[in-house]
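The block underneath contains the structure these notes are about, expressed in structure tokens.
Throughout, read-outs are computed from the coordinates displayed, never taken from laboratory work. Given the structure is predicted, the values throughout are model-derived calculations rather than measurements. Neighbour counts are summed over all protein chains in view; Cβ atoms, including those assigned to glycine, are modelled from backbone coordinates with ideal geometry.
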Amino acid sequence: MYDLGYTPTTLAVDELRSRTRSVSSQIHDVIGIKGGKTTEPGPGISTCEEDPEHLFTSRHPWSVYQVSQDELKQGFQRLRENLPKNGWKIVEYGPNNSKAKTLELTADSEKDRYSINATLNVGGPADEAPRITVYVVSGCFRAPEGTDLNGVY
């Protein structure tokens, strides 16, 4: 038996994908950059190692780019300031251990089983476009009886 520290809720795969898309959209709105581009595709699904036949999680990595470094910095600052007002607890903030000491933020939702990690990528190598990268990940959910998690993505 495994111990996640919580009892996973039963949820359909498509419902979790939809919820994850909604969380990403909320984070995008908090960043508040209207111009620029956002990467595709949408959220993916993978199994949880604790019980890959019954438990699954959703991940959604995306970036905002093709705007000025100042706009990116302001968007990242809005993220830091406004996440707590929107039910998120910032658990880590500051430069990461990379050579570039990239500014990084990790937050956990206080109402849903979601965490986000965001990085502000500015001032890096010339071949690396300035951007804010966001990685949204859900906790584990139980698939409804009869759901085959093999091959979901």
Check: C-alpha center region 92-153 vs C-alpha center region 24-91, spacing in Å is 7 Å
For the chain, find the longest principal axis of its Cα atoms and tell me its angle to the long axis of helix 69-82, 0 to 90°, nearest 10.
50 degrees
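What ranking do I132, I90, I27 get, fewest neighbouring Cβ atoms within 10 angstrom at the top? The partial results should precede the final answer.
Numbers: I132 28, I90 15, I27 24.
Placing the least packed residue first, the sequence is I90, I27, I132.
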Specify the angular offset, from 0 to 90 degrees and rounded to the nearest 10, of the alpha carbon long axis of helix 13-31 from the longest principal axis of the alpha carbons in the chain.
20 degrees
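Direction-averaged shadow area of the convex hull around the Cα atoms of the chain, nm²?
Working: hull surface 39.9 nm².
So the mean shadow area of the Cα hull is 10.0 nm².
Sum -39500 (n - 2.57) across every DSSP H segment of at least 4 residues in the chain, then divide by the residue count to get the 222 nm mean residue ellipticity, nearest 500. Each step should come with its number before you reach the end.
Working: 2 runs with 33 residues, N = 153.
Using -39500 (n - 2.57) per qualifying helix, the result is -7000 deg cm²/dmol.
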DSSP beta bridge pairing in the chain, given as percent antiparallel to the nearest 5:
95 percent
Note down the relative contact order for region 31-147 as a percent, whole number, built from C-alpha pairs under 8 angstrom at least six residues apart.
28 percent
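Can you tell me the dipole magnitude for the chain around its Cα centre, using point charges on the Cβ only (Lys, Arg +1; Asp, Glu -1), in Debye to the nearest 20? Mind dumping the intermediate values first?
Numbers: 17 positive and 21 negative charges, 148 e Å.
It works out to roughly 700 debye.
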